[in-house]
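Step one of this worksheet: look at the structure below.
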There are 2 protein chains.
Amino acid sequence: MPFDTIWTNARLATMAPGQPGLGIIEHGCVASKDGRIVFAGATADMPSGADAMERIDCDGRWITPGMVDCHTHLIFGGNRANEFAMRLDGASYEEISRAGGGIASSMLATRAATEEQLVTSGLKRLDHLIAEGVTTLEIKSGYGLDQATEIRCLSAARQLGRERAVSVVTSFLGAHAMPPEAKGDKDAYIARVCDEMLPAIAKLKLADAVDAFCEGIAFSPAQTARVFAAAKSFGLPVKLHADQLSNLHGARLAAEHGALSADHLEHTDEDGVIALTKAGTVAVVLPGAFYALRETQAPPIALFRKHGTHLALATDCNPGTSPLTSLLLAMNMGATLFHLTVDECLLGVTREAARALGRLGEVGTLEAGKSCDLAIWDIEQPAELVYRIGFNPLHARVWHGQSQTTLSR
Amino acid sequence: MPFDTIWTNARLATMAPGQPGLGIIEHGCVASKDGRIVFAGATADMPSGADAMERIDCDGRWITPGMVDCHTHLIFGGNRANEFAMRLDGASYEEISRAGGGIASSMLATRAATEEQLVTSGLKRLDHLIAEGVTTLEIKSGYGLDQATEIRCLSAARQLGRERAVSVVTSFLGAHAMPPEAKGDKDAYIARVCDEMLPAIAKLKLADAVDAFCEGIAFSPAQTARVFAAAKSFGLPVKLHADQLSNLHGARLAAEHGALSADHLEHTDEDGVIALTKAGTVAVVLPGAFYALRETQAPPIALFRKHGTHLALATDCNPGTSPLTSLLLAMNMGATLFHLTVDECLLGVTREAARALGRLGEVGTLEAGKSCDLAIWDIEQPAELVYRIGFNPLHARVWHGQSQTTLSR
């Protein structure tokens, strides 16, 4: 049985577990059949007599798994450039709030947008991620904060996956912030999230997971636990925005509920790190928000290393605290601001990001049986992907075995 | 006499001096003839009966002057990804130095490269800048540190200007670092820079300006002054890497020599700021290096504002301390890390950057008589160019009146 395609003469960073570092193979090739990887390894180990409809000579270039951005808020209306400018001009948060800024402004713009408008504006951001080799990304709702708009946002996210050669994993984040019509009654709003929005969204199969924001300015651990219990009743996995601005023991809470990931984690303590590790919950760090908010307390990277916590990183693309559409830059910020190593960064946007989405069986490494999602790079060594700032050395992108020759830009 | 091209239905940020802020015109157009701007202003003010060979409807998009990157070390051999990775793995500077890292490694790779190789590797970086609307950039030598290689680097820089539709302004930076063969004798090396290299380079007309690095780890104020005097004898303007790591009063020295610009300036004091302002020397801040080096002392932005110093910003693209090839990102870093306003950022990569290169008569604003270099953006307001991180909304680029329809990527 011939293969469909063989990418030959390549250097591989397979990211396979059980291998040291990035699982590097200096003289390697990848073969696909029906959109799946059927071989990824040393050319010398290729089955003899292997043939393919198509052979692509990579000329010594590097192949990594397609990149995975495991935390984005890609779908929203408007942008917050105006408030960014006001803040630099010296406006206080109160003045910005009075001028209609903050999350309320994104919520209003999102509610006012049609699904088509949300898809159109989302595509511009998605195309930047795709141009850097992203083949799988997570997209959260959370700027609608009412049932109709949350559904429209998740539906727009699904639509992005049909418009482009990319896999979209959705998360329902109704418990992101308080809508003004809830008039500050957080318990009543959480009841609506659990008893009205979530059942409707689950019925439409629009969410692959359920997320929440556990923080003083958002929802309490008890309210978060309620959302998680509701998610479980629909068989949906959970994840959490945890310990970003203060330590509410969100990491522990996420771990107790077997969350796929706990994200941000700037204020997580060792107890929380141990709990994450034991639960197999992935710690997702988001240096873009840390940078944009000029934060000073970094997540406890040394504790993650000490305990062997799974560690991923992502863009956190959102209109307020991280208007970032470059996963390469997220890696550079992870290294520069959090002192992550090159290997931690690269594993964090491939294997570990796939694990954070519950998709490690499908994507995230170059291993036989997985979806043939590849990024092919014009580089001499993988460290270049982290070291450079504002540079994109992507040569080609492959999704489900198909080369995406025209990079959308 | 008809125009060659009219860009109609546009919003303009002319950056013209004497206008408030960015010189915004909501309903504007730009007309070109023989590669020059012959009109840029309100559509209502267009000469009646104006006609053109070609009319381009901008559909309400924004036009700014083509972007100017006034400080780059774009030409060098190799890269320093390996040493970046070693540092993150915990290697000390001494270990990296023993492994052949640091500026010595770039110097060796640059000396080993042919001019063609330097052009090829430089083009990749240049194409990233061009893709973001850069139409003029400065390129320094300074990784050769011997006469033949410095000449080869400057010649490669000139070649980049022939290979792409972009204006290249070169600076001879022989006084960048000490080559190993000089065995630590800085005065002897500076004598070679002044008495051998500079005359040869001036004769070949390869340098538009002369730069130096005044710092404890580089050259003293007295050695710098010697380089400046030599430059003057060849009629070449000067500029300076000043006060980056310590205050050697480099800003004052630059001002005293009527330098075009003084660059970095993290440690400049108020005396230095006053001297720069009086001399009309542009303060060029370089947030990419500040970010990559994890510096904590920002340049004295408040003093620049207090005294009305001309303020520009640039990528500082170089292999060691700022492997940055995005001028949009340099603006975001200027705002995020130095708290520059949106207007300061945008003027700093157009009008003020042109002034820093001594090219304000030619480029940097949308004014009749200047080269018709335009950047046309898919945005709703100029602040978006600063607010977004890792996003490129360039719609089209015009250089010398010619639309560059195919963006090189």
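Might you report the magnitude of the Cβ-based charge dipole of region B:320-409 about its Cα centre, with Lys and Arg at +1 and Asp and Glu at -1, to the nearest 20 debye? I would put it at about 280 debye. Dipole orientation for chain A: of the candidates A:I139, A:V282, A:I201, A:I201 has the Cα lying most toward the positive pole (charges on Cβ; Lys, Arg +1; Asp, Glu -1). A Gaussian network model of chain A, with springs between Cα atoms under 10 Å, assigns the largest mean-square fluctuation among A:A131, A:A148, A:A259 to A:A148. For A:K186, the lysines whose Cα comes closer than 29 Å to its Cα, not counting residues fewer than 8 places off in the same chain, are A:K140, A:K203, A:K205, A:K232, A:K239. Of the trypsin sites (Lys or Arg not before Pro) found in region A:294-361, the ones in coil according to DSSP and having at most 12 other Cβ atoms within 10 Å of their Cβ are A:R294. Taking square-rooted eigenvalues a ≥ b ≥ c of the alpha carbon gyration tensor, is region B:75-154 rounded, prolate or oblate, where a/c under 1.5 means rounded and, failing that, a/b exceeding b/c means prolate? Cα axes put region B:75-154 in the oblate bin. Over region B:33-104, the pair-distance histogram of Cα-Cα distances with 5 Å bins from zero comes to 3, 9, 14, 12, 9, 6, 6, 5, 7, 8, 9, 7, 4, 2, 0 percent, rounded to whole numbers. Rounded to two decimals, the Cα-based Rg/Rh of region B:132-217, with Kirkwood Rh, is 1.01. Pop the C-beta distance of A:D269 and A:E181 into the FRET formula with R0 = 60 Å and round what comes out to the nearest 0.05. Working from the Cβ atoms, E equals 0.95.
Neighbouring Cβ atoms from other chains, within 10 Å of the Cβ of residues in B:76-87, number 5 on average.
Largest GNM mean-square fluctuation across B:S48, B:S322, B:S141, computed for chain B with C-alpha springs under 10 Å, falls on B:S48.
For chain A, a crude dipole built from +1 on the beta carbon of Lys and Arg and -1 on the beta carbon of Asp and Glu, taken about the Cα centre, is about 520 debye to the nearest 20. Charge dipole (Cα centre; +1 on Lys/Arg Cβ, -1 on Asp/Glu Cβ; no other charges) of region B:234-298 amounts to roughly 180 debye.
Starting from the label point of A:E256 at 7 Å along Cα→Cβ, the same points in the other copies fall at 6.8 nm, in ascending order. Using just its DSSP H runs of length 4 or more, each adding -39500 (n - 2.57), chain A gives a mean residue ellipticity at 222 nm of -10000 deg cm²/dmol after division by all residues. For region B:214-279, chymotrypsin sites (Phe, Trp or Tyr not before Pro) are listed when DSSP marks them as loop and at most 15 other Cβ atoms sit within 10 Å of their Cβ; the list is B:F234. How fast does chain B diffuse by Stokes-Einstein, in µm²/s, taking the Kirkwood radius from C-alpha pairs at 4 °C and 1.567 mPa s? Translational diffusion coefficient: 60 µm²/s. Shown in residue order for region B:201-213 are the 3J(HN,Hα) couplings computed by the Karplus curve 6.51 cos²θ - 1.76 cosθ + 1.60 at θ = phi - 60°: 5, 5, 4, 7, 6, 8, 10, 8, 7, 10, 10, 8, 10 Hz (x for Gly and Pro).
For trypsin sites (Lys or Arg not before Pro), the sites in region A:133-217 that DSSP calls loop and that have at most 11 other Cβ atoms within 10 Å are A:K183, A:K205. Look at where the Cα atoms of region A:297-311 and of region B:36-59 average out, and the two centres are 59 Å apart. Over all Cα atoms in region B:281-329, the spread is summed up by Rg and Dmax: 11.7, 34 Å. In terms of its alpha-carbon gyration tensor, region A:262-398 comes out oblate; a/c meets the 1.5 threshold, while b/c is at least as large as a/b.
For region B:270-375, the relative contact order works out to 25 percent when only alpha carbon pairs closer than 8 Å and six or more residues apart are counted. The mean number of partner chain beta-carbon atoms within 10 angstrom of a residue's beta-carbon across peptide B:255-264 is 0. Between region A:317-373 and region B:322-384, the C-alpha centres lie 32 angstrom from each other. With the charge dipole of chain B set up from +1 on Lys and Arg Cβ and -1 on Asp and Glu Cβ about the Cα centre, the Cα lying farthest toward the positive end among the listed residues B:G23, B:Y93, B:A230 is that of B:A230. Sorted from shortest to longest, the distances between the A:S48 label points of this copy and the other copies are 8.9 nm, with each point 7 Å from Cα along the line through the beta carbon.
Could you tell me the center-to-center distance, by alpha carbons, between region B:244-278 and region A:209-264 in angstrom? Here the two parts' Cα centres lie 52 Å apart. The translational diffusion coefficient of region A:242-330, from Stokes-Einstein at 20 °C and 1.002 mPa s with a Kirkwood hydrodynamic radius over alpha carbon pairs, comes to 167 µm²/s. When the Cα convex hull of the protein assembly as shown is projected onto planes of every orientation, the mean area is 35.1 nm².
Each DSSP beta bridge with both residues in region B:161-271 is either parallel or antiparallel, and the antiparallel ones are about 0%.
Toward the positive end of the charge dipole of chain A, with +1 on the Cβ of Lys and Arg and -1 on the Cβ of Asp and Glu, the farthest Cα among A:C214, A:A396, A:M46 is that of A:C214. Comment: the Cα-to-Cβ extended label point of B:A225, at 7 Å, lies 7.4 nm from its counterparts in the other copies, nearest first.
Throughout, read-outs are computed from the coordinates displayed, never taken from laboratory work. The structure displayed is predicted, hence computed values, not measured ones. Methodologically, a virtual Cβ is constructed for each residue, glycine included, from the backbone with ideal geometry; neighbour enumeration extends over all protein chains shown.
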